[in-house]
Amino acid sequence: MTEFARTIFDSQSFSTFVGARLEHVGPDSAEISVDIRSELQQQHGFAHGGVISYLADNSLTFAGGLALGGDALTAEFKINYLRPGRGTKLLARAHTVSTGSRQAVCQSLIYSIDDTGIETLCAVAQGTIVTTAGRRGESA
């Protein structure tokens, strides 16, 4: 599954564009990080909410897809921004809360990390991930 996850991640043009890294995957979990660069900040110097949202969405989908055993899509997700993303790096840690035959409910905690390595929780997301297996016109 790790090789499968890396192949999928490496094929995502947007992940490459923002400089994201797939840090870790497990049977029902994933960690994705992005360095906070000026191009990814909003007008106050914080990580743009869209970058945090990207990390939430992608980490949820990877955790759910791994739990479901294959390729997956996000059906929906909700995010709560708790505090500004500041520092040098953002890290999303997602895990599966519940898995059925076609969908998984997952949670992602997104941290900002400063240059001393201190992690600060800046957002929490929850989403429903669905498998693409068995769908007409989509890969399994």
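The values are calculated or read from the model by the stated rules, or taken from the named source; none is laboratory data. These figures come from a predicted structure and were not determined experimentally. Counting neighbours? That spans all protein chains shown, and the Cβs are built from the backbone with ideal geometry, glycine included.
The table below gives the values:
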| item | result |
| --- | --- |
| Filtered residues of the range 77-105 (kept if over 13 Å from the mean Cα position of the chain (by Cα), in a strand (DSSP E or B) and of a type outside the set (G, A, S)) | N80, Y81, K89, V97, T99, Q103, V105 |
| Among (1) among the small types (G, A, S); (2) more than 21 Å from V18 (Cα to Cα); (3) under 15 Å from the mean Cα position of the chain (by Cα) - the single one A56 does not satisfy | (2) |
| Any hit, the range 61-73, residues being part of a helix (DSSP H, G or I), without any contact (Cβ under 8 Å) to a residue 24 or more places away in the chain and not aromatic (F, W, Y) | no |
| Of all residues in the range 56-88 being out of contact with any Gly (no Cβ under 9 Å at 6 or more places or on another chain) and closer than 15 Å to S15 by Cβ, the one that is surrounded by the most Cβ atoms within 10 Å (Cβ to Cβ) | S59 |
| Residue that is over 19 Å from G49 (Cβ atoms), at pLDDT 95 or above and out of contact with any Lys or Arg (no Cβ under 7 Å at 6 or more places or on another chain), where the choices are T128, T132, T88 | T128 |
| Within the range 27-53, considering residues that are among the hydrophobic types (A, V, I, L, M, F, W, C) and under 8 Å from the mean Cα position of the chain (by Cα), the one farthest from T2 (Cα to Cα) | I32 |
| Any pair with Cβ under 6 angstrom, 6 or more apart, that starts in the range 14-26 at a residue that is part of a helix (DSSP H, G or I) and surrounded by 15 or more Cβ atoms within 10 Å (Cβ to Cβ) and ends at one that is modelled with pLDDT of 95 or more and β-branched (V, I, T) | V18/V34 |
| Residue check for T61: within 18 Å of R6 (Cα to Cα) and in contact with a Cys (Cβ under 9 Å, 6 or more places away or on another chain) | yes |
